[in-house]
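Asks: Structure provided below as structure tokens; questions to follow.
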Amino acid sequence: MLDNTPKIVVITPVKNEDWILERFLSVTSQFADLIIIADQNSTDGSRDICQKYPKVKLIENKSEQYDEASRQILLIQTARELVPEHKIILALDADEILAANAIHTIGWQTMLQAPQGTVLCFEKPDLYSTPYKCIRYDKPWPLGYVDDGVEHQPKKIHSIRIPQPKYAKYLYIYDVKILHYALTRPEAQASKIRFYSVIEKLLTTKNFLVRRKAYSLNIDWTKGHRVEACPEDWFAGWESIGIDMKSIINNRYYWWDFEILRQFKNHDYWQFWLDDIWDFDWEAFRQYAQTIDNLEIPDSKIISPPRFLNRFLQFLVKIIEVIKGLVKKVF
């Protein structure tokens, strides 16, 4: 009797993820048949970490641009070339780690029996401030696909990572959790939010008012969601085999900060005055970057926008939200 159990192929884009990559690869190696890492010009120890894990296939994404579409296509095409047989593609970022009890659930076994063309959706709790509490969500994320070779049609930013053809069936696997560690590092998350605002400005995908709302540095991540203690069985099984699941590494600055400086050099920084990124001392950071011989920075001083401009824009966004709320009530 032929074994029709699908191979599990995890596809992951990486850029300077050494703070969590060891944890991610240690866990993912326990359940995946192959882990494909597309490294985009990392300058930390990410590539060296990847070399330590036999199941990792390291490929290069040499693009200097932020483009989720091209990296997703690169990863999916590589998965199909390396594993042409029956497979499940799981698209996980390096800070998204399978809970330790997941592989023992009914949902995991159901996933392994799902037909080709099935989109796999999981709850992705955000570990909040520490690994001991989390934000829970009712809506699961599409993070996996039982591959049938269909063309993936992604977007450049905030793209669903796996194919979603019109004929696809959706399997909601509520007892399998993907633990998201991003909010355990608030300063890193703020850096990423500033970066997204700058990228959306350059891509002209959102106007400045929409960007200020979507990428506000005062986002309440808990709004409308439950905050709970993390169940210990999310971690215990991995910890029992020596995987560190709870230590958090913070840095002084993050690669997103350096990337924004590069954009300030390529595009006059005052073009970003309308974005909500100016709680950060960019001039002090520019001076720091000079001390480490970073050449991709502006040559002249970075001047923050007038305070009244930022206050006015904050007020404008609030007024627009109030008007939208009133319109919804009326209609």
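The values are calculated or read from the model by the stated rules, or taken from the named source; none is laboratory data. From a predicted model like this one, the values you see are computed outputs, not experimental measurements. Using ideal geometry, Cβ is built from the backbone for each residue, glycine included, and neighbour counts are taken over all protein chains shown.
Asks: Any residue in the range 144-155 that is farther than 13 Å from Gly117 by Cβ sitting within a Cβ distance under 8 Å of a residue that is part of a loop (DSSP other than H, G, I, E, B) and basic (Lys, Arg)? List the pairs, counting only those 6 or more apart or interchain.
Replies: Partner pairs satisfying both residue conditions: Pro154/Arg161.
Asks: Now for a separate question. Of the conditions (1) loosely packed, with under 15 Cβ neighbours inside 10 Å; (2) part of a helix (DSSP H, G or I), Ser197 clears all except one; give me its number.
Replies: Of (1) loosely packed, with under 15 Cβ neighbours inside 10 Å; (2) part of a helix (DSSP H, G or I), only one is false for Ser197: (1).
Asks: Answer yes or no: is there a residue in the range 284-293 that is touching a helix residue (DSSP H, G or I) at 6+ places or on another chain (Cβ under 7 Å), among the small types (Gly, Ala, Ser) and either in contact (Cβ under 8 Å) with a residue 24 or more places away in the chain or assigned to a loop (DSSP other than H, G, I, E, B) (or both).
Replies: Yes, the range 284-293 contains a residue that is touching a helix residue (DSSP H, G or I) at 6+ places or on another chain (Cβ under 7 Å), among the small types (Gly, Ala, Ser) and either in contact (Cβ under 8 Å) with a residue 24 or more places away in the chain or assigned to a loop (DSSP other than H, G, I, E, B) (or both).
Asks: Test Asp220 against the stated conditions and say whether it is at pLDDT below 95 and part of a loop (DSSP other than H, G, I, E, B).
Replies: In short, yes.
Asks: Say whether the condition of being assigned to a helix (DSSP H, G or I) and of a type in the set (S, T, N, Q) is met by at least one residue in the range 113-131.
Replies: Checked against the condition, which is being assigned to a helix (DSSP H, G or I) and of a type in the set (S, T, N, Q), the range 113-131 yields at least one hit.
Asks: Could you list all residues from the range 66-112 that are not in a helix (DSSP H, G or I) and not hydrophobic (A, V, I, L, M, F, W, C)?
Replies: Of everything in the range 66-112, those that are not in a helix (DSSP H, G or I) and not hydrophobic (A, V, I, L, M, F, W, C) turn out to be Tyr66, Asp67, Pro84, Glu85, His86, Lys87, Asp93, Asp95, Glu96, Asn101, Thr105.
Asks: Then there's this: Search the range 224-242 for residues that are surrounded by fewer than 16 Cβ atoms within 10 Å (Cβ to Cβ) and pair each with any residue that is assigned to a loop (DSSP other than H, G, I, E, B) when their beta-carbon atoms are under 7 Å apart and the residues are at least 6 apart or on different chains.
Replies: Val227/Tyr128; Ala229/Tyr132; Asp233/Ala100; Asp233/Asn101; Ala236/Ala100; Glu239/Met245
Asks: Have a look at Ser216, Ser300, Ser240 and point out the one that is small (Gly, Ala, Ser) and under 19 Å from Arg185 (Cβ atoms).
Replies: Ser216
Asks: Answer yes if at least one residue in the range 35-43 is farther than 26 Å from Glu200 by Cα and either surrounded by fewer than 21 Cβ atoms within 10 Å (Cβ to Cβ) or of a type in the set (Phe, Trp, Tyr) (or both), and no otherwise.
Replies: Scanning the range 35-43 turns up no residue that is farther than 26 Å from Glu200 by Cα and either surrounded by fewer than 21 Cβ atoms within 10 Å (Cβ to Cβ) or of a type in the set (Phe, Trp, Tyr) (or both).
Asks: Of all residues in the range 165-180 being surrounded by fewer than 15 Cβ atoms within 10 Å (Cβ to Cβ) and over 12 Å from Trp141 (Cα atoms), which is farthest from the chain's Cα centre (by Cα)?
Replies: Filtering first and then ranking leaves Tyr167.
Asks: Please go through (1) exposed (fewer than 10 other Cβ atoms within 10 Å of the Cβ); (2) in a helix (DSSP H, G or I) for Phe312 and return the number of the only condition it doesn't satisfy.
Replies: Here Phe312 meets the rest and fails (1).
Asks: Only one of these conditions is not met by Phe24: (1) part of a helix (DSSP H, G or I); (2) free of Cβ contacts under 8 Å to residues at least 12 places away in the same chain. Which number is it?
Replies: Condition (2) is where Phe24 drops out.
Asks: So Ser63 passes all but one of these: (1) part of a loop (DSSP other than H, G, I, E, B); (2) at pLDDT 95 or above; (3) within 20 Å of Ile199 (Cα to Cα). Which condition number does it fail?
Replies: (2)
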